[in-house]
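Worksheet: the structure to be examined is printed underneath.
The values are calculated or read from the model by the stated rules, or taken from the named source; none is laboratory data. These figures come from a predicted structure and were not determined experimentally. All Cβ positions, glycine included, derive from the backbone under ideal geometry; neighbour counts span all protein chains shown. Accessible surface areas use protein heavy atoms only, side chains included; no ligands, DNA or RNA. Shrake-Rupley method; radii C 1.70, N 1.55, O 1.52, S 1.80 Å.
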Amino acid sequence: MSTATEPVRILPQSPANSGSDSGEGQLLEVSMGPQHPSTHGVFRMDVVLDGERVVRLKPVFGYLHRNHEKIAEHETYLGSMPYTDRLDYICSLTNNWAYALAVEKLAGIQVPERAEYIRIITAEMTRFLNHAALIGFLTQDMGASGTPLMYAFRERETILDLFESLTGARMMCNYMRFGGCRVDLPAGWLDQAKKFAATLPRFLEEFERLLATNEILMARTQGVGVLSKEFAVNAGVTGPVLRASGVNYDVRKVDKYGIYDRFAFKVPLGEHGDTYDRYMIRLLEMHESLKILNQALQDIPEGPIVDPKTKIRGFRPKPGEAYGRIEAPKGELGFYLISDGTANPYRYRVRSSCMMNLTVLEDLCIGHNVADVVVILGSIDIVMGEVDR
Amino acid sequence: MTPENIKSEVEASIPGCQLEIVSNPSPSGQHSLRIDPAHAVAIATFLRDAEPLRLDYCSNVTGVDWPGKEISEKVKVKKLVDGVEQEVEEIRKTQTIGHLEVVYHLYSMEKKHGPVILRMRTEDRAERVHLPSLTPVWRSAEFQEREIFDLYGVIFDGHPDLRRILMWDGFEDHPMRRDYVEPDDFEYEPTAHDEVLERARQHRTVMGPL
């Protein structure tokens with residue numbers, strides 16, 4: 001995070017930047033953010049403009065930096081679990097899972113089958129609500145004030161109600177444990193979830209119909225912010241943003257963590273890598289999430305939800321290290337842990353998906369109008385809690 | 001591919017480079033390779049482009065701080081005690097200088113394998129903290145190397161834009177180092193209590209009353 005400059009200033013003229021007396025060709029530096037409704041939190045972009053066109057853009061973040069990693073190094077392994085909720089605060093359950101997976105790799109813990117099913121059900125619900133909310137935010141950024149967002153939030157609220165009855169909290173769930181989950185499903189939860197899942201196709205159809213062939217959406221997103229395949233791979237972009245560029249890489253399919261190899265689902269891929277494809281990928285992924293969700297709700301077995309041999313208190317993994325990663329709704333979320341045999345991790349690292357996806361922001365925006373920056377940033381899908389950590 | 005295979009392949013194609021396998025006793029079984037900084041860019045380019053590996057995706061880059069330790073060993077020394085030569089145990093203490101380590105987790109999106117883990121060490125923690133940047137090889141290292149520079153103080157040579165990223169520009173220390181001490185600047189707290197109150201009081205005695 002660098003210190004704030006004045007919001008707007010005209011850059012001194014350089015030989016390359018000299019124009020006529022009318023001011024043509026002069027570059028203007030604008031500080032977008034940190035308090036800007038489109039930046040999804042406290043995030044700033046140092047934009048250099050030539051008229052309306054973006055010439056340079058430097059993302060500036062760190063306003064929410066609380067050194068989560070340092071806090072975790074002074075905390076027990078389990079004590080960090082509630083902190084992971086606060087990373088990407090829209091998708092707390094997938095954050096929990098990523099951390100639990102890394103610790104399970106580090107200590108070699110097995111997870112019972114029922115817990116794996118519960119993890120998949122909650123993770124796919126999280127993916128569904130994240131993508132729905134993102135499309136809402138994205139259209140909001142384009143000027144569709146409220147309607148698509150409220151449609152998405154209506155479904156999100158129902159999912160959050162289910163989370164609340166399962167975990168006790170709507171957003172800060174703190175639900176996964178090393179070797180399983182914290183509590184079993186309450187009575188009647190599965191029926192409620194099934195009933196809810198049965199209404200989702202109607203919502204998806206309605207949501208698609210609301211926005212499909214919308215002229216403003218098409219004009220603002222098609223051909224805007226094109227990300228090429230090779231560059232996306234080299235820049236470490238993951239998740240829906242990567243797949244919109246046509247790279248077939250989904251950690252659920254590649255690593256087959258949990259029991260994802262038992263479910264039939266497809267990985268939607270984009271063709272052009274533009275903002276429209278990034279929007280469309282989310283819509284298609286919601287359909288696939290729904291498929292996984294339906295299969296998991298059907299097949300979930302009875303049984304224990306946590307490995308009885310796991311020590312919850314006094315948990316001390318043997319010295320060593322592990323890197324565990326999952327396909328979070330925003331991309332690859334990884335945790336890297338080094339244990340020195342004590343109750344606290346020697347090193348605790350969060351590989352944030354949003355922060356890596358921001359790497360390409362400048363390259364996507366250069367040459368576009370300043371209004372497109374808002375849309376491109378919206379389609380990358382960032383949450384500052386995870387970017388800044 | 002096992003680390004042994006990678007080591008032999010890299011050593012065959014890049015003359016003079018040194019690789020060392022760092023074994024990992026944890027059940028995760030993720031062993032890593034320690035590379036020498038002088039050949040790091042060549043090794044990284046080879047791993048990215050050479051056919052069987054094609055590690056085109058650098059997922060995670062992070063720093064680890066290993067401060068110097070005091071190692072005490074018991075040594076038997078012959079000494080004259082009361083005119084008689086006797087064997088006496090003495091404790092000899094040595095101080096290691098410690099180092100900063102940078103870890104890269106590499107995957108292949110094309111071949112769908114990984115992780116291959118690379119590690120590099122600085123010579124010490126104070127002056128010789130330069131390492132070559134791998135951002136020219138993998139663009140994804142750009143922000144993460146900036147973060148390591150910011151929080152650990154490793155200086156990456158060849159990085160296109162090495163600035164602080166999470167802390168502000170005027171900040172001086174590196175907060176993720178294990179011996180980092182918070183600066184003594186009293187933060188306003190409406191109901192100061194316990195340690196905060198104590199710190200505030202000490203601060204006052206240093207700075208004089210407000």
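Side notes on the structure shown:
- Selection count, segment B:130-158, where residues are within 13 Å of chain A (Cβ to nearest Cβ) and either hydroxyl-bearing (Ser, Thr, Tyr) or closer than 28 Å to residue A:229 by Cα (or both): 16
Listed here are the residues, each with its yes/no results for (1) modelled with pLDDT under 90; (2) among the β-branched types (Val, Ile, Thr).
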site	(1), (2)
B:134	no, no
B:189	yes, no
B:192	yes, no
B:195	yes, no
B:206	yes, yes
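- Residues of segment B:160-187 satisfying the condition of being open to solvent by less than 20 Å² (accessible area, probe 1.4 Å) and either over 20 Å from residue A:64 (Cβ atoms) or β-branched (Val, Ile, Thr) (or both): B:165
- Any hit, segment B:165-180, residues being out of contact with any strand residue (DSSP E or B) (no Cβ under 8 Å at 6 or more places or on another chain), closer than 25 Å to residue A:233 by Cβ and in contact (Cβ under 8 Å) with a residue 24 or more places away in the chain: no
- Segments classed as strands (runs of 3 or more DSSP E), wholly inside segment B:1-77, with at least 1 members that are among the charged types (D, E, K, R) and surrounded by fewer than 15 Cβ atoms within 10 Å (Cβ to Cβ): B:19-22
- Of the candidates A:115, A:133, A:152, the single residue that is assigned to a helix (DSSP H, G or I) and more than 17 Å from the chain's Cα centre (by Cα) is A:115.
- Where residue B:162 falls short, out of the listed (1) more than 8 Å from every other protein chain (Cβ to nearest Cβ); (2) in contact with a Leu (Cβ under 8 Å, 6 or more places away or on another chain): (2)
- Within this structure, residue A:276 passes the test of being under 23 Å from residue A:214 (Cβ atoms), hydroxyl-bearing (Ser, Thr, Tyr) and in contact with a Gly (Cβ under 9 Å, 6 or more places away or on another chain).
- Checking every residue in segment A:325-341 against the condition of being touching a Lys or Arg at 6+ places or on another chain (Cβ under 9 Å), among the hydroxyl-bearing types (Ser, Thr, Tyr) and open to solvent by 20 Å² or more (accessible area, probe 1.4 Å) gives zero matches.
- Looking only at segment A:61-75, and only at residues there that are farther than 28 Å from residue A:377 by Cβ and acidic (Asp, Glu), the one that is most open to solvent (accessible area, probe 1.4 Å): A:75
- Filter pass, residue B:118 being open to solvent by less than 10 Å² (accessible area, probe 1.4 Å) and in a loop (DSSP other than H, G, I, E, B): no
- Look at (1) over 28 Å from residue A:371 (Cβ atoms); (2) at pLDDT below 90; (3) touching a helix residue (DSSP H, G or I) at 6+ places or on another chain (Cβ under 6 Å) and you find that residue A:109 fails only one, number (3).
- Any hit, segment B:83-91, residues being part of a loop (DSSP other than H, G, I, E, B) and open to solvent by 90 Å² or more (accessible area, probe 1.4 Å): no
- Selection of first residues in segment B:115-135 that are of a type in the set (Ser, Thr, Tyr) and of second residues that are open to solvent by less than 10 Å² (accessible area, probe 1.4 Å) and assigned to a loop (DSSP other than H, G, I, E, B), restricted to Cβ pairs under 7 Å at least 6 apart or on distinct chains, gives the following pairs, ordered by first then second residue: B:122/B:129; B:122/B:154.
- Top-ranked residue in segment A:162-176 [being part of a loop (DSSP other than H, G, I, E, B) and aliphatic (A, V, I, L, M); ranked as farthest from residue A:94 (Cα to Cα)]: A:169
- Scanning segment B:1-54 for residues that are of a type in the set (Ser, Thr, Tyr) and within 14 Å of chain A (Cβ to nearest Cβ) yields B:23, B:26, B:28, B:32, B:45.
- Number of residues in segment A:320-344 that are at pLDDT below 90 and basic (Lys, Arg) equals 0.
- The residues on offer are A:139, A:94, A:126, and the sole one that is farther than 25 Å from residue A:350 by Cα, in contact (Cβ under 8 Å) with a residue 60 or more places away in the chain and crowded, with 24+ Cβ neighbours inside 10 Å is A:139.
- Residues of segment A:342-364 satisfying the condition of being touching a Phe, Trp or Tyr at 6+ places or on another chain (Cβ under 9 Å) and open to solvent by 10 Å² or more (accessible area, probe 1.4 Å): A:343, A:344, A:363
- Residue within segment B:104-124 that is under 30 Å from residue B:173 (Cβ atoms) and more than 18 Å from the chain's Cα centre (by Cα) present: no
- For segment A:321-337, the criterion of being closer than 23 Å to residue A:98 by Cβ and without any contact (Cβ under 8 Å) to a residue 60 or more places away in the chain is met by no residue.
- Annotation: of all residues in segment A:240-274 being within 16 Å of the chain's Cα centre (by Cα) and either among the hydrophobic types (A, V, I, L, M, F, W, C) or away from chain B (no Cβ under 14 Å) (or both), the one that is nearest to residue A:178 (Cα to Cα) is A:251.
- No other residue among B:177, B:92, B:125, B:201 is more than 11 Å from every other protein chain (Cβ to nearest Cβ), of a type in the set (D, E, K, R) and in contact with a Pro (Cβ under 8 Å, 6 or more places away or on another chain) apart from B:125.
- Residue that is most open to solvent (accessible area, probe 1.4 Å) [pool: residues in segment A:305-321 that are more than 10 Å from chain B (Cβ to nearest Cβ) and out of contact with any helix residue (DSSP H, G or I) (no Cβ under 7 Å at 6 or more places or on another chain)]: A:313
- Residue match in segment A:24-34 (condition: open to solvent by less than 10 Å² (accessible area, probe 1.4 Å) and over 15 Å from the mean Cα position of the chain (by Cα)): no
- Enumeration of residues in segment A:228-251 that are closer than 16 Å to residue A:354 by Cα and in contact with a Leu (Cβ under 6 Å, 6 or more places away or on another chain): A:232, A:243
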